[in-house]
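Only one structure is covered here, and it is reproduced in the block below.
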Ligand SMILES: Cc1ncc(COP(=O)(O)O)c(C=O)c1O
């Protein structure tokens with residue numbers, strides 16, 4: 001007799017949905033109880049960037065847990081978190097040289113926002129507290145991170161808990177209506193930050209946070225490089241800290257180790273999670289630049305914030321091992337596989353149901369529309385994102401679906417964010433399954449269409 005499931009699920013009344021049951025995972029495959037080898041074209045939630053069987057990882061768990069798994073970093077120091085911080089500081093761009101540990105992407109963003117506040121308080125700028133972010137963004141589920149998040153569906157119902165911050169337009173070229181060249185449009189979009197800072201009062205604005213390249217809400221949406229050039233200049237002019245949320249885009253997801261490297265712009269803080277441990281243990285971090293770290297050092301200011309498990313030696317040793325695995329060769333392979341996938345699927349740009357096809361390294365976003373000319377989205381009740389997801393899963397490929405891409409309510413898309421290490425053969429299988437899934441759904445929605 002099947003055992004009762006005591007997990008409270010987030011969908012559909014908390015009741016167990018009909019989910020594939022995974023027995024174990026290998027490389028880019030999830031092997032189910034009945035022996036099916038699903039290809040994980042999403043790397044979980046864009047997490048397992050190195051795939052599911054990193055050689056040598058068991059030894060790290062064994063050695064570190066035999067030494068010490070847990071210590072409170074408030075009271076003890078230890079090699080593992082120190083070594084990881086050194087590794088991250090060495091590999092981070094610019095002067096991002098200090099690391100504050102947390103356990104999830106949401107926590108990393110919460111910590112970055114509070115660090116921004118405390119930095120300005122240490123300088124006597126006590127009115128600076130507002131965080132500006134963008135619509136169609138995702139920064140996490142906790143109250144502070146959700147306040148910055150610009151996704152209506154995720155915010156809905158929780159508004160009484162959310163802080164009165166500001167959101168500007170997303171960096172979403174496909175749906176921009178600014179005039180001019182891509183560069184001019186990007187500058188116009190970025191200048192909304194300046195308008196918002198001036199309207200709210202520069203003396204009240206502490207930080208601007210953005211995913212360098214669109215993630216869960218508008219996957220792989222990437223502005224012209226002038227966008228971040230402009231953002232950096234505006235932040236400098238108005239003394240606002242720029243936080244790059246690299247929780248999803250970090251660790252090779254868009255090609256280089258960090259997505260901001262595509263733009264050659266260095267933020268004041270960078271939040272990391274997901275690929276930091278490639279899913280082996282929960283861990284996240286905030287990278288902090290010298291300007292912020294020096295202010296704390298010179299004033300002796302404290303940061304009254306922290307979580308029990310932050311920087312625990314076991315997670316730190318695992319993360320340190322994992323980060324060392326993101327060699328130039330692995331990043332290059334990820335980029336090539338992404339390009340291969342974009343090459344094999346690129347003809348979907350012409351598909352009547354595909355409005356936008358975006359790719360940056362091994363991160364792809366396919367946006368579905370009811371009308372290609374007007375870019376009108378599907379009626380949300382059709383759940384096109386779910387139909388495509390289900391159809392791809394039936395064809396043996398797990399993808400990352402999403403909705404609300406247009407305005408937080410309407411809009412359907414699919415993200416592909418496979419492990420960087422997947423084989424060329426798997427890329428082709430993903431492409432075949434995704435193309436077939438889109439065609440299945442298109443025909444279901446348009447029964448009059450014949451072959
Ligand atoms: C860009 C970004 N920031 C923050 C988060 C939140 O991370 P977590 O779910 O680990 O709290 C996510 C999660 O998807 C994310 O994509």
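We did not get these values from a lab; they are worked out from the coordinates using the rules stated. On a predicted model such as this, the values are computed, not experimentally measured, just so you know. Note that each Cβ is placed from the backbone with ideal geometry, even for glycine, and that neighbours are counted across all protein chains shown.
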*With a point put 7 Å past each Cα toward its Cβ, work out how far residue 183 is from residue 61 in nm, to one decimal.*
5.1 nm
*Starting with the fewest neighbours, write out 245, 356, 18 ranked by other beta-carbon atoms found within 10 Å of each beta-carbon.*
18, 356, 245
*By counting other Cβ atoms within 10 Å of each Cβ, how are 11, 135, 165 ranked from fewest to most?*
11, 135, 165
_Cα coordinate range in the chain, projected on the principal axes (Å, largest first)_ = 71, 59, 44
_Sort 399-405, 257-263 by the packing proxy (mean of other Cβ within 10 Å over each peptide's residues), most packed first._
399-405, 257-263
*Share of antiparallel DSSP beta bridges in segment 57-325, in percent to the nearest 5?*
45 percent
_Rounded to the nearest 5, what % of DSSP beta bridges with both residues in the chain are antiparallel?_
70 percent
*What is the spin-label model distance, in nm, from residue 69 to residue 444 if the labels are put 7 Å beyond Cα along the C-beta direction?*
4.3 nm
*asked:* If you split all Cα-Cα distances of segment 293-421 into 10 Å bins from zero, what percentages do you get per bin, shortest first?
replied: 11, 28, 23, 20, 14, 4, 0
*Averaging sequence separations of C-alpha pairs under 8 Å and six or more residues apart, then dividing by the length of the chain, give the relative contact order as a whole percent.*
21 percent
*Ranked highest first by the average count of other Cβ atoms within 10 Å around their residues, in what order do 413-426, 118-131 fall?*
413-426, 118-131
*Fewest Cβ neighbours within 10 Å first, please rank 406, 213 accordingly.*
406, 213
